[in-house]
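The values are calculated or read from the model by the stated rules, or taken from the named source; none is laboratory data. Here the structure is a predicted model, which is why all the values come from computation and not from measurement. Neighbour counts are summed over all protein chains in view; Cβ atoms, including those assigned to glycine, are modelled from backbone coordinates with ideal geometry.
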Amino acid sequence: MSSTLFEPIALRGLTLKNRIAVSPMCQYISDNGNANDWHLMHYGSMSLGAGGLVMTEMTNINMTGRITHKCATLCTDDNEASWKRVVDFAKKFGAAAIGVELAHAGRKGSTVPPAQGGRPLKPEEGAWETVAPSALPFGDWHTPRALAKAELPRLVDDYVASVQRAERAGFELIEFHAGHGYLIHQFLSALSNQRTDEYGGSLDNRMRFPLEVFAAMREVWPKDKPMGARLSVTDWVEGGLDMAQSLRFAHELKKLGCDFVDVSSGALDPRQQVPFGPGYHVAFAEQMKREVGMTTMVVGLITDARQAEEIVAGGKADIVVLGRGVMFDPRWSWHAAEELGVELKYAPKMFPAHPSLRPWVFPNPKKTA
């Protein structure tokens, strides 16, 4: 049986072995932003059989940009060295490419981890001042300080420095986080950006800073390595970002050398009404792929092999992105390949588990393609 899900796909000089990606998922276990033994185990395990691309968690460009004290950063020499340890393992032993998602939390920072309630930090807990395009809070969280125009170039510099660290650490792909209610998304949405200078007001103005950041990042990232963007294509709130605006933003990103769009939604405004359901972003991804003509990834309750196959074989997206599904099954791609009748090449140290060896190892083996 042929399977589009298991066909390779090229992004500049990087070829992914299949169309399955591990979604960036915050781990909330870093110390001073550093990756540690948990990250080595977690991402190392994912690299062995979860998919063709493993994305590390939202990794922030400076300490103010963290969501919590336990979030990952890529802004110090120690951060860089700690992530290089993880990347080196994945490259040596894994079967997947490894990428990093770079971000700044903006007004959604200075909180405790979700498992502890996700509430804003108190002063005695080490709360810090958050920043945003405008002094508008996320619900009843801290009210951020509106960024001065003079501060924006320094933020661009922080993004650039993190890109350079990502290159030295050995990452093969970068995802620019422009969604989920974080700083770049805050600039894009009229709900969170009520500036009166050239960075607020019209969509062209609200896109200005995000595009300046992306252009600066792309300039210092190697030309043969892919860089894309994660977008929340709708805020699910009247007056917020919507698909028409996101399509315009994606067109502008494409002009700057953006290689893919990772389609998601929401998380900017607590008033959102999200119609959760299996593959609930697929229609958005299909429209993005059709109208922008860029490689498109899609995330959102994709859990089943045949569901994933139908999405990519039907031309609705080029790559499926899984989160909880691969947490539940870190060998998701192995099991999807078996279900779809595809013989998959395993990471060398995992080859003894390959189905081709079963007739010699297990009695009454299940017949596979």
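Key figures
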| read-out | value |
| --- | --- |
| Single residue of Phe328, Phe276, Phe260 found to be under 25 Å from Leu191 (Cβ atoms) and aromatic (Phe, Trp, Tyr) | Phe276 |
| Residues within region 117-151 that are modelled with pLDDT under 95 and closer than 13 Å to Cys71 by Cβ, tallied | 1 |
| Residues (touching a Phe, Trp or Tyr at 6+ places or on another chain (Cβ under 7 Å), in a strand (DSSP E or B) and aliphatic (A, V, I, L, M)) located in region 257-308 | Val263, Met297 |
| Filtered residues of region 171-211 (kept if among the aliphatic types (A, V, I, L, M), out of contact with any His (no Cβ under 7 Å at 6 or more places or on another chain) and in a strand (DSSP E or B)) | Leu173, Ile174 |
| Condition check for Lys349: in a helix (DSSP H, G or I) and not acidic (Asp, Glu) | yes |
| Considering residues of region 1-26 that are not in a loop (DSSP other than H, G, I, E, B) and not hydrophobic (A, V, I, L, M, F, W, C) only, the residue surrounded by the fewest Cβ atoms within 10 Å (Cβ to Cβ) | Thr15 |
| Filter pass, Met294 being within 19 Å of the chain's Cα centre (by Cα), more than 14 Å from Thr234 (Cβ to Cβ) and modelled with pLDDT of 95 or more | yes |
| Subset of region 27-74 (residues that are within 28 Å of Thr15 (Cα to Cα), assigned to a loop (DSSP other than H, G, I, E, B) and touching a residue at least 60 places away in the same chain (Cβ under 8 Å)) | Ala50, Gly51, Gly52, Ile61, Leu74 |
| Matching residues in region 312-324 - criterion: being out of contact with any helix residue (DSSP H, G or I) (no Cβ under 6 Å at 6 or more places or on another chain) and in a helix (DSSP H, G or I) | Arg324 |
| Check on Val361, under 26 Å from Gly44 (Cα atoms) and either modelled with pLDDT of 95 or more or out of contact with any helix residue (DSSP H, G or I) (no Cβ under 7 Å at 6 or more places or on another chain) (or both) | no |
| Residues (β-branched (Val, Ile, Thr), within 13 Å of His104 (Cα to Cα) and surrounded by fewer than 22 Cβ atoms within 10 Å (Cβ to Cβ)) located in region 145-197 | Val156, Val160 |
